Amino acid sequence: MNIQVKDLYKNFGDFQAIKGVDFSIEEGKLVGLLGPSGGGKTSILRMLAGLEEPSSGQVILNGKVANGLTVQEREIGFVFQNYALFKHMTVFENVAYGLKVKKVDKARIKQRVEELLELMGLAQTINKYPHQLSGGQKQRVAFARALAPKPKLLLLDEPFAAIDAKVRKDLRLWLRNVISEFGITTIFVTHDQDEAIEVADELLIINSGKVEQQGTPWDIYHRPASRFVAEFLGNSNQLISPVTLKGFEILQKYQDGQEWKENSSVFIRPEWIEIRPLDVSYQKNAGETAEVTHVHFRGDAWYIELQLADLKLFTSLSINAPRYQVGDQVNLLIHKLSIFSDVGNEIAGNSLLNVSLSYHI
Amino acid sequence: MRKLLISATWFLFILIIIFPISFIVTGAFEEGWSGFIEALTRPEALHAMKISLYIVVVVTIFNVGLGILFSLELVRGNWLARWVKPVINAIIDLPFAVSPVIGGFMIILLYGPETVLGIFFASFGVDIVFALPGMILATMFVTFPFVVREVVPVLEEIGEDVEEASRTLGASKWRTFRQVTWPSIQWPVVYGAVLTIARSLGEFGAVLVVSGNIINQTQTVTTLVYQDADYFNVVGANSLALILCLISIVTLLVLDGLKRRQEVLRSEHSSEGSV
Amino acid sequence: MRDKLEKYALRSILIGYLIVLIVAPLSAVYVQGFSLGLSNFWKTVTDEMALHAITLTIRLAVIATLIQIIIGTLIAYVLTRYEFPGKRYLNSLVDLPFALPTAVSGVMFLMVLTPNSFVGQMLDSIGISLLFNQSAIIIGMVFVTFPFIVRAVQPLLENLDEDQVQASYTLGASKWRTFCKVVFPAILPGIIAGSLLAFSRALAEFGVIALISGNIPMETLVASVYIFGQIESFNTEGATAVSVVLLTFSFLVLWITNLTRRRGDI
């Protein structure tokens, strides 16, 4: 199912939850709605489902305006944040519910439910009640229940929010695989960026009732369209007060004494920072001398804090990289930084690096 | 569908409750204000009110006082064997299940003029059946569960920790009760007390059986209403019924207010906890 | 030492209170009942009038409870799921039939249904009489049991997970199907608990029925009024025997109620 949303607004009393949202989603895509809590992601999802009526604007499903359609008519599958399993029904009855509504004959229902539960690894739980299941199992039952009637669109509201961190990782990959196997258009809501980046083909960043950016996770991470996106997605070093950095004369343009001009914010992603030994020979001049102030083992990487004049920066370093100690002097090379201001946004490369800086994605 | 259901609800309320009550009002004022006042100030009405008041006061004092002690011992008392508590719990509920007529009949069986206990008390010049003591006993029986049922769950909910904390800080038992336990059970006690007052005022079956309904002696307001209705004294019955009805409505409003208060307190409590 | 004495005194008072007030009187009924001897007891209970009173009471209490299940569930549903003007007042009114002294309720229905009232006349003109017959008893029973099912179902409806209802919609189920398959099973424990309470109250009801049933033996005489009549005419045996039956029935209902409540907790 392809989806188009045009100029969507939603008010709850005086509160404007959604303030003019436009986007379109192609058939078969797995799309994440990502943003902080209270930003309106769930409202958008519920309007797509027909659980909420838009105040104005259009929801177009497969080229047809769906505003007047009831939930029942939209042929969607919806997985609720707390699963909303029917407590008094067994796993089988839960999954069979939508098929019974469709008046599928009994033998077919049995076959389809068993098939789905097998696929979900839930064959053992078929006669159990929801309260006898673990969080991960409930999640998969909810998922199977939504998929059973073969919906054209699958909507997931914070699908992993109520699950232990450890199980969550496995479930994400599993979910991705199942969805790509079914090839069903899927939209999920999350406030967890790792989850969004790992699972989605495409992301919609939602903040304060508006779409900030739409694109692939790679795209958005590397070319954030707004200050909000840059701050929200991934960790960044933000340069709170103006500094001069070697190779970034461009910063002068945005500085006015001790203040940033034009409402500018400057971010440096940790992976844009390279730590090298002081005696490095390759393009030594493009780097600055800094001191390691903190080293912390993170399991899969070293987390390192550095002091560069008045500036505190953090970055991470591969476990296999040469180790540094607190107090070590290092040559710190900043490859690029991103600037967001009223006069425009840009990603600036280090001008002293004589490598052409054309990032093609 | 929605409109239909709401209309059906209004219809049921009007048919079953509002409409019938309007008949008491018209019945009471069939002969105007003077008839209404006259019905209320008849000597037998005044006497009945006095008897009802006695019963309410005595029953409320006993059942509230002993009800609190009972709840405390039932929840905190570790001298009760484990299996005893559920038994006592079940016994407390019994008066709810017993028909009021049987409630009165029991008293007659136990303390009637021909029974051992009845003769024993009579030898001290105390009549129980067909007299005030029996009526009070019957009403106490019927209203016994109210305070206990309100206080026990609250005591269970607040747990013993705060009381133990108070004792470790050197507070005496009495001080602990007054300053730690009482503040958390005071509104449930009031709630139970209001229920007790309302029910002891309104109790009819048990009192009718025990009292013999002797005019100007053992007649309460409710049994007088019954007698008036039996003798087709429309104004008399309805005037007193109207007063009782108003008292019931006030009672409900008070209980509603108390419930709201408790909900507010509880929500404040839980929001504090979550912060 | 004094402390201990106080403790024991208090405990004795409390246990004594329980015995004097509840245990002894209730046992008195059973002791009296068994002192009749089994055959005598059986003869008294199966006396034509007594037996009719008992079966009539049970039959009408069942009918009243069934009526209450329908209107109680409907009212609970409307009062929790819909917003409309006057809702708060209706919600407070639910308890009034419980709070109203039964003698007052009796007088009230006597006034409404009496042939002199305009309601009575209207009913009379279409050939219906609702006073001094079995329908009067049902009206009285329905009135006094009004709050039980509403109050038992309301909290369950309030706690009903709205997501479950919406999940049912997203799976294509209509409102009616959702009510039957999702909402109703969730409130069923409340309906059962409420109807048990209502049934036991209807069995025990005296005040309203005594005034509006006419108390005609073999026709409209219910068990509680029968007991009252036996006491009035100093027939202790008859009163005791029927009391034992009615009490046992009430305790049974109470026991089942506790049983279902405990199961509901799990």
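The values are calculated or read from the model by the stated rules, or taken from the named source; none is laboratory data. No experiment lies behind these values; they were computed from the predicted model shown. Reconstructed Cβ throughout: ideal geometry from the backbone, glycine too, with neighbour counts over all protein chains shown. Surface accessibility is based on the protein's heavy atoms, side chains included, excluding ligands, DNA and RNA. Shrake-Rupley method; radii C 1.70, N 1.55, O 1.52, S 1.80 Å.
Overview of results
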{"quantity": "Taking all pairs of distinct alpha-carbon atoms in the stretch A:236-349, Kirkwood radius in angstrom", "calculated": "14.8 Å"}
{"quantity": "Dipole of the protein assembly as shown, positive direction: furthest Cα of B:Ile107, B:Val264, B:Ile158, with charges on the beta-carbon", "calculated": "B:Ile107"}
{"quantity": "Threshold 30 Å² - residues in the stretch C:206-247 whose accessible area is reduced by that much or more when the chain is no longer isolated, probe 1.4 Å", "calculated": "C:Phe206, C:Leu211, C:Phe228, C:Ile231, C:Leu247"}
{"quantity": "Whole-percent carbon and sulfur share, accessible surface of chain C, 1.4 Å", "calculated": "66 percent"}
{"quantity": "Residue among A:Ile334, A:Ile319, A:Ile187 with the largest mean-square fluctuation in a Gaussian network model of chain A, springs linking Cα atoms under 10 Å", "calculated": "A:Ile319"}
{"quantity": "Shape category assigned to chain B from the gyration tensor of Cα positions, a/c cut at 1.5", "calculated": "oblate"}
{"quantity": "Carbon and sulfur %, accessible surface of chain B computed with the full protein complex present, 1.4 Å", "calculated": "67 percent"}
{"quantity": "Projected label distance in nm at B:Val84 and A:Ala107, using a 7 Å step from Cα toward the beta-carbon", "calculated": "6.7 nm"}
{"quantity": "Sparse-neighbour loop sites [GluC sites (Glu not before Pro); the stretch C:1-110; at most 15 other C-beta within 10 Å; DSSP]", "calculated": "C:Glu83"}
{"quantity": "Net charge dipole size for chain B [Lys, Arg +1 and Asp, Glu -1 on Cβ; Debye, nearest 20]", "calculated": "540 debye"}
{"quantity": "Efficiency of FRET between B:Glu164 and C:Ser27 - r from beta-carbon atoms, R0 51 angstrom, step 0.05", "calculated": "0.85"}
{"quantity": "Long pairs among A:Lys29/A:Lys166; A:Lys100/C:Lys175; A:Lys6/A:Lys64; A:Lys100/A:Lys150; A:Lys103/C:Lys175, criterion Cα-Cα beyond 20 Å", "calculated": "A:Lys29/A:Lys166"}
{"quantity": "Binned Cα-Cα distances of chain C, short to long, each 5 Å bin given as a whole percent", "calculated": "1, 5, 10, 12, 13, 13, 12, 10, 8, 6, 4, 2, 1, 0, 0, 0"}
{"quantity": "Cα-based shape type of the stretch B:1-90, given that a ≥ b ≥ c are square roots of the gyration tensor eigenvalues and the cut on a/c is 1.5", "calculated": "oblate"}
{"quantity": "Table column - 3J(HN,Hα) (Hz), the stretch B:80-86, Karplus curve with 6.51, -1.76, 1.60, x for Gly and Pro", "calculated": "7, 4, 4, 7, 6, 4, x"}
{"quantity": "Accessible area per residue, Å², the stretch C:37-265 with all protein chains present, probe 1.4 Å", "calculated": "42 Å²"}
{"quantity": "Cα-centred dipole magnitude for the protein assembly as shown, charges only on beta-carbon of K, R (+1) and D, E (-1), debye, nearest 20", "calculated": "1320 debye"}
{"quantity": "Bridge type composition, the protein assembly as shown - antiparallel percent by DSSP, nearest 5", "calculated": "75 percent"}
{"quantity": "Average accessible surface area per residue within the stretch A:236-349, 1.4 Å rolling probe, Å²", "calculated": "52 Å²"}
{"quantity": "Whole-Hz ³J(HN,Hα) from phi, Karplus 6.51 cos²θ - 1.76 cosθ + 1.60, for the stretch A:49-60, glycine and proline x", "calculated": "6, x, 7, 9, 8, x, 6, 7, x, 10, 10, 10"}
{"quantity": "Accessible surface ranking that places the most exposed of B:Arg76, A:Arg145 first, with a 1.4 angstrom probe", "calculated": "B:Arg76, A:Arg145"}
{"quantity": "Euclidean distance of C-alpha centroids, the stretch A:281-346 and the stretch B:213-251, integer Å", "calculated": "91 Å"}
{"quantity": "Using θ = phi - 60° and Karplus 6.51 cos²θ - 1.76 cosθ + 1.60, couplings along the stretch B:167-178 (whole Hz; Gly, Pro as x)", "calculated": "5, 5, 8, x, 6, 6, 4, 5, 5, 4, 4, 5"}
{"quantity": "Solvent exposure of the stretch B:167-237 as accessible area per residue, Å², 1.4 Å probe", "calculated": "43 Å²"}
{"quantity": "For A:Thr185, distant residues with modelled amide H under 5 Å away", "calculated": "A:Gly28, A:Leu154"}
{"quantity": "Shape call, the protein assembly as shown: gyration tensor on alpha carbons, a/c limit 1.5", "calculated": "prolate"}
{"quantity": "Inverse of mean 1/r across different Cα pairs in the stretch B:25-67, Kirkwood, Å", "calculated": "12.2 Å"}
{"quantity": "Amide proton proximity set for A:Gly20, modelled H, under 5 Å, gap of 5+", "calculated": "A:Leu8, A:Tyr9, A:Lys10"}
{"quantity": "A:Gln255 long-range amide H proximity, modeled H, under 5 Å", "calculated": "A:Lys261"}
{"quantity": "Summed buried accessible surface, chains A and C, 1.4 Å probe, nearest 100 Å²", "calculated": "1700 Å²"}
{"quantity": "P(r) tail fraction, chain A - alpha-carbon pairs more than 28 Å apart, %", "calculated": "55 percent"}
{"quantity": "At R0 = 30 Å, FRET efficiency that the Cβ-Cβ distance of A:Arg323 and A:Lys246 yields, to 0.05", "calculated": "0.75"}
{"quantity": "Total charge dipole magnitude, chain A, about the Cα centre, Cβ charges on Lys, Arg, Asp, Glu only, Debye to nearest 20", "calculated": "1560 debye"}
{"quantity": "Among C:Arg201, C:Arg81, C:Arg11, residue whose mean-square fluctuation peaks in a GNM of chain C (springs only between Cα atoms under 10 Å)", "calculated": "C:Arg11"}
{"quantity": "Largest to smallest accessible area among A:Glu195, A:Glu73 [probe 1.4 Å]", "calculated": "A:Glu73, A:Glu195"}
{"quantity": "Label-point gap, in nm, between C:Trp176 and A:Asp7 - each point 7 angstrom along Cα→Cβ", "calculated": "4.0 nm"}
{"quantity": "Hydrodynamic radius (Kirkwood) for the stretch C:90-146, which is based on Cα pairs only, to one decimal in Å", "calculated": "12.1 Å"}
{"quantity": "Values of log10 I(q)/I(0), in the order q = 0.10, 0.19, 0.21 Å⁻¹, for the stretch A:2-98 under a Debye, Cα-only, solvent-free model", "calculated": "-0.32, -1.00, -1.15"}
{"quantity": "Listing of the stretch A:95-127 residues, each with accessible area lower by at least 10 Å² in the full protein assembly than in the chain alone (probe 1.4 Å)", "calculated": "A:Tyr97, A:Gly98, A:Lys100, A:Val101"}
{"quantity": "Accessible surface buried once C binds B (1.4 Å probe; total of both sides; Å²)", "calculated": "6500 Å²"}
{"quantity": "Span from the the stretch A:95-130 Cα centroid across to the the stretch C:49-95 one, whole angstrom", "calculated": "39 Å"}
{"quantity": "Proximal lysines relative to B:Lys173, as straight alpha-carbon distance under 20 Å, when same-chain residues fewer than 8 apart are discounted", "calculated": "C:Lys4, C:Lys7"}
{"quantity": "Enclosed volume per residue, in Å³, of the convex hull spanned by Cα atoms of the stretch C:125-266", "calculated": "144 Å³"}
{"quantity": "FRET efficiency for C:Asn235 and C:Ser35, using Cβ-Cβ distance with R0 set to 22 Å, rounded to 0.05", "calculated": "0.90"}
{"quantity": "Label-point separation, B:Gln186 to B:Asp230 (7 Å along Cα→Cβ), nm", "calculated": "4.5 nm"}
